[in-house]
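See below for the structure under consideration.
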Amino acid sequence: MITTTSLYDQFINLYREREITQDNDWLKDLRETAFEAFSGKGFPSTRLEDWRFTNVSPFLKEDFHLQPGAASLHGLHNPAHIPLLDAYEVVLKNGMLNEDVAIRGVKISPLRTALKNENLQSYFGRYINTEKYPFAALNTALFENGIVIEADKNIICDKPIHITHVYNAEEAVFIQPRILIIAHKSSKIQIVESVVVIGNKPLFINNVTECCVAENAQVDHYNLQIAPSNTHLVNFNQVVQQNNSLFNNYTYSLPDAAFVRNNLHLDLNGTNTESHLYGLYLAGGNQLTDNHTVVNHMFPNCLSNELYKGVLLDNARAVFSGRIYVHQDAQKTNAFQQNNNILLSNKAVVDSKPQLEIFADDVKCSHGSTVGSLNKEALFYLQSRGIGETAARNLLVKAFSFDVTNKIQIPAVREYIEKLITRKMAEAYDQ
Amino acid sequence: MLSIKNLQAKVEDKQILKGINLQVNAGEVHAIMGPNGSGKSSLASVLTGRENFEVTGGEVLFDGKDLLEFSPENRAREGLFLAFQYPIEIPGVSNINFLRTALNEIRAYHNEPPLEAKEFLRLTREKQKLVEFDAKLTNRSLNEGFSGGEKKRNEIFQLAMLNPKLSILDETDSGLDIDALRIVSNGVNKLRSEKNAFIVITHYQRLLEYIVPDFVHVLYDGRIVKSGAKELALELEEKGYDWIKEPVTTASV
């Protein structure tokens, strides 16, 4: 009888047996702390509040190849191409960037090379609590590849930077990319991330992105999670904002990835910051889409605004957990959070958990959550004008997502997302 | 054009239409009046196929076809139009996109090709002018931010665009000031022809000074209790509805 070693054991062994020559001392320490955290706790179970609605264990049973190289990627085609998007194109193969990309004022480098720079120590891994987040800990302990995007002081990047992640799933792989974004003082960058998967074996991506928005800087971050059904994505996104900075996040999870778990954590580490978090999930089949967000108001006069909308078809499941934490010093905070869901099937399930914790006394905060079906009156109105039921439903789903899709600042991205919604809705009801 | 025979319907367990008979021919305008809760709007809902209304008896023929067999969208495609009492706001659906979709779905039903963008635009301008509806429609959501009067005018504008055979105006006059009322009525009058027909549901005789009906029917307790020429509306205005109610209530006791 052959017993297969558990994924957990494989990672423990991998860490102990790896070559560590490339790392700086601080990075070694960082990995060690993270490894201790992961080895102590292992993968999260549903007994943890943070994972109560999401059982990750079925997705970890594959016999994954843990350290895939980039070499096997050939004949690359790019279905994540976004029509009419005028952007600087960056392609990562299994998380790896081959050489530096230089745009005026913005440097994009392979993580390995960049980490030799001691200055990155004050940004990299600084704000993630690896004690609390096992997947982020695992990534920190064992990440291999990734990129650093660094915008110089006062640089306004003229075009979006489009990062296409290409993953090779011709065999089952578990891959741990890592991204660090630094927008220095008074800079502005727009980043659009999308995913391309080659092959149809199980793919597990455990990604960590850190984003540091310095004083008076602006980062617009678009996460387009459109991947085939063999994809399982755990995405930890840690953002830190300094005084007067602006951060906009757009997380759109559209079919067909089997599993998506997003953690988006904002530390508002200065005064007068502004943050907008827009999320849209459209899930069908047996998809599970889980969004966890935390917004930490630590200083006065900051504004955060969060709007997540979900449309669920078939047997799809979704989880939304949003937490706004207003510390005692964070007076004059404006913090808003809203999660709206439409269930278009009797079997679809959503668990929504909006939370507010306020320790300051002069704040404006609100949170709300709704789960419902399409407005029957609106459906009837459209039908009474000769619009067929399917078309009417599509119009209403588009209208429902409009609050989130119309916030997309890049027209080509907006059109791309709207088309994908229409296509999915048409597929869903043509069956 | 429309032939309603002994139409009965209920909502949940409440019988609301108790045997309606009505014949509407092309070129005619029929006014249906009656106190609150008499079943006026319910009649409109049953004819257009609103979900929670259940027909329990009778028949409705529309150009010889069994209207009640059609889905709401196919009733519209067959040429039936309802101007809603409370037009709904649908944020995120643009007026123009909505109209184009509706028009083209109706055309497709009749095996006609979709309208060219240019032709659609021309038609939109023409009809907007016809019904004096100058609200900017591009980049605006359906009825969103429209005043009560604008919403009602938008209904008449849609009517003009879709060019139905039979239009039901459900209390289109309620909540309109006199200017808006005149504009809406002018629109309807311009759209009247020998080929189409209107059923005007209203509370008030005032509207009927502008849209002059050929027939007036009084609906009470789910039945048409009196029919007459346009003068009947004046009589109702003068005497109220009580004189209508009495004989029915006594008769049913």
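The values are calculated or read from the model by the stated rules, or taken from the named source; none is laboratory data. No experiment lies behind these values; they were computed from the predicted model shown. All Cβ positions, glycine included, derive from the backbone under ideal geometry; neighbour counts span all protein chains shown. Surface areas here come from the heavy atoms of the whole protein model, side chains and all, with no ligands, DNA or RNA. Shrake-Rupley method; radii C 1.70, N 1.55, O 1.52, S 1.80 Å.
Some observations on this one:
- Test for B:A9: is it over 18 Å from the mean Cα position of the chain (by Cα) and either part of a strand (DSSP E or B) or of a type in the set (G, A, S) (or both): yes
- Taking the conditions (1) closer than 19 Å to B:V216 by Cβ; (2) open to solvent by 50 Å² or more (accessible area, probe 1.4 Å) in turn, B:A31 satisfies each one other than (2).
- Selection from the range A:372-390 of residues that are buried (at least 19 other Cβ atoms within 10 Å of the Cβ) and either facing another protein chain (nearest Cβ under 8 Å) or of a type in the set (S, T, N, Q) (or both): A:A378, A:F380, A:Y381, A:L382, A:Q383, A:S384, A:R385, A:G386, A:I387, A:G388
- For the condition touching a residue at least 40 places away in the same chain (Cβ under 8 Å) and away from chain B (no Cβ under 14 Å), A:L356 does not qualify.
- Residues of the range A:66-88 that turn out to be at pLDDT 90 or above and loosely packed, with under 15 Cβ neighbours inside 10 Å, as a count: 1
- Sole exception among (1) outside any helix (DSSP H, G or I); (2) out of contact with any strand residue (DSSP E or B) (no Cβ under 8 Å at 6 or more places or on another chain); (3) more than 10 Å from every other protein chain (Cβ to nearest Cβ) for B:Y86, by number: (3)
- Matching option when the condition is part of a helix (DSSP H, G or I), open to solvent by 50 Å² or more (accessible area, probe 1.4 Å) and more than 10 Å from chain B (Cβ to nearest Cβ), among A:R423, A:R393: A:R423
- The residue of the range A:231-268 that is nearest to the chain's Cα centre (by Cα), among those that are under 23 Å from A:A428 (Cβ atoms) and in a loop (DSSP other than H, G, I, E, B), is A:A257.
- B:L61 passes every criterion in (1) more than 8 Å from chain A (Cβ to nearest Cβ); (2) open to solvent by less than 40 Å² (accessible area, probe 1.4 Å); (3) in contact with a Ser or Thr (Cβ under 8 Å, 6 or more places away or on another chain) apart from (2).
- Residue check, B:Q128 over 18 Å from A:G386 (Cβ atoms) and in a loop (DSSP other than H, G, I, E, B): no
- Criterion violated by B:F146 - all others in (1) part of a loop (DSSP other than H, G, I, E, B); (2) open to solvent by 20 Å² or more (accessible area, probe 1.4 Å) satisfied: (2)
- In the range B:64-83, the qualifying residues are those that are more than 9 Å from chain A (Cβ to nearest Cβ) and in a loop (DSSP other than H, G, I, E, B), and the one that is surrounded by the fewest Cβ atoms within 10 Å (Cβ to Cβ) is B:G64.
- The strands (runs of 3 or more DSSP E) located wholly in the range A:114-228 that include 3 or more residues which are over 17 Å from the mean Cα position of the chain (by Cα) occupy A:188-198.
- Taking the criterion of being of a type in the set (G, A, S), part of a strand (DSSP E or B) and open to solvent by 20 Å² or more (accessible area, probe 1.4 Å), the only residue of the range A:335-365 that qualifies is A:S352.
- All conditions but one from (1) within 9 Å of another protein chain (Cβ to nearest Cβ); (2) surrounded by 15 or more Cβ atoms within 10 Å (Cβ to Cβ) apply to B:N52; the one that does not is (2).
- Number of residues in the range B:106-148 that are small (G, A, S) and modelled with pLDDT under 85 equals 1.
- Some residue of the range A:137-144 being within 27 Å of A:P44 (Cβ to Cβ) and touching a Cys at 6+ places or on another chain (Cβ under 7 Å): no
- In the range B:121-146, residue nearest to the other protein chains (Cβ to nearest Cβ) [restricted to those that are basic (K, R) and closer than 20 Å to B:E89 by Cα]: B:R140
- Selection from the range B:33-54 of residues that are in a strand (DSSP E or B) and either within 17 Å of A:Q383 (Cα to Cα) or at pLDDT 95 or above (or both): B:F53
- Qualifying residue in the range A:278-295 (condition: of a type in the set (S, T, N, Q), away from chain B (no Cβ under 14 Å), assigned to a strand (DSSP E or B) and open to solvent by 10 Å² or more (accessible area, probe 1.4 Å)): no
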